[in-house]
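**Q** This structure is in structure tokens; I'll ask about it shortly.
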Amino acid sequence: MRVFALLNNRTCYLLAAALLLASCAGTPSYNPTTFPFEINEEKLAADEIKTVVIPHVNLGAPSRKYLQKESPRIDAFVSTYLKDNGYKVIDQREFKQLWNTAERAFGNPVDPTTGRVNMKTFAQIMTSVRDEMIKKFKLDAFVFTDLVELEVSFSGGLKHLARWDGVSRKPSLQGPGSGVSSDFDWNKPAAVASLQISVFDMNLQRVFVSRGGIDATEAIDTRSSTGRFTRRRNMLENEDFIMEGVQLAFHPLIEMERWPGNP
């Protein structure tokens, strides 16, 4: 009887521990850096969005050239995520063709020397593209996917985490060495990338905007004796990080199951 009691108590303890771990695993860690999204629920309720297209151009200024190379791959993740959540996504080639035709008529909205966008020209092109896409596809919305770069610092704690736009990332090393000097300045800012989602309806009015962090675009250069950040050779390659950024950027238009913005 005594042995049975001991086994029974041990079993109860293990069960309790398992339940506690399961409870903790189901609760996302609060991250105060989640982006303050804007959503026009009234417009979305009045005009349901079902059919969308992902423009190949940024809503704002063009992304850095090294991020532009990653844009098609990120757009593919966005397209899959939208389809998995019940949206119809028109092939981006359709938008490109119409954009190029309108650009020949109205001119390039981006100044190649400064990168600034002439919003009047941009609006003229978008109006032309919208009219044609409504005719061909009964389009409901444009989903702009801008890859933006920010600067943040890795914390001086044991894990050296950087937090921005809802994510927490550790620094990566690049070079022949395997460590960081003891006098490395962890307050030094490093470049990081986020995905900004902007959704515009057929009146070309914004109904949703948010942003989700993806990963650092710089790594610690181990060739430097004092330590410095250098641009990563392989950028935004972690698919889990990309998907986390996509989910964060669409919340709450598409609800993220474990959104870290709740205290």
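**Q** Might you check whether a residue that is buried (at least 19 other Cβ atoms within 10 Å of the Cβ) and small (Gly, Ala, Ser) occurs anywhere in region 142-154?
**A** Taking every residue of region 142-154 in turn, none turns out to be buried (at least 19 other Cβ atoms within 10 Å of the Cβ) and small (Gly, Ala, Ser).
**Q** If you take the residues in region 122-134 that are within 27 Å of the chain's Cα centre (by Cα) and not aromatic (Phe, Trp, Tyr), which one is surrounded by the most Cβ atoms within 10 Å (Cβ to Cβ)?
**A** The selected residue is Val129.
Yes/no matrix, rows are residues, columns are (1) modelled with pLDDT of 95 or more; (2) crowded, with 17+ Cβ neighbours inside 10 Å; (3) under 21 Å from the mean Cα position of the chain (by Cα); (4) not acidic (Asp, Glu):
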site: Glu41; (1), (2), (3), (4): yes, no, no, no
site: Ala45; (1), (2), (3), (4): no, no, no, yes
site: Glu48; (1), (2), (3), (4): no, no, no, no
site: Ile54; (1), (2), (3), (4): yes, yes, yes, yes
site: Ala61; (1), (2), (3), (4): no, no, yes, yes
site: Gly86; (1), (2), (3), (4): yes, no, yes, yes
site: Thr114; (1), (2), (3), (4): no, no, no, yes
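**Q** With respect to the numbered conditions (1) in contact with a strand residue (DSSP E or B) (Cβ under 7 Å, 6 or more places away or on another chain); (2) open to solvent by 10 Å² or more (accessible area, probe 1.4 Å); (3) not β-branched (Val, Ile, Thr), which one is the sole condition not fulfilled by Gly179?
**A** (1)
**Q** Further question on the same structure: Can you go through Arg258, Arg228 and tell me which one is modelled with pLDDT under 90 and open to solvent by 100 Å² or more (accessible area, probe 1.4 Å)?
**A** Arg228
**Q** Answer with yes or no whether Leu204 is open to solvent by 40 Å² or more (accessible area, probe 1.4 Å), part of a loop (DSSP other than H, G, I, E, B) and either at positive phi or of a type in the set (D, E, K, R) (or both).
**A** Yes: the conditions hold for Leu204.
The values are calculated or read from the model by the stated rules, or taken from the named source; none is laboratory data. Treat the numbers as computed from the prediction; the structure is a model and nothing was measured. Don't worry about glycine lacking a Cβ; one is built from the backbone with ideal geometry, like all the others, and counts go over all protein chains shown. Side chains included, ligands, DNA and RNA excluded: accessible areas come from the protein's heavy atoms. Shrake-Rupley method; radii C 1.70, N 1.55, O 1.52, S 1.80 Å.
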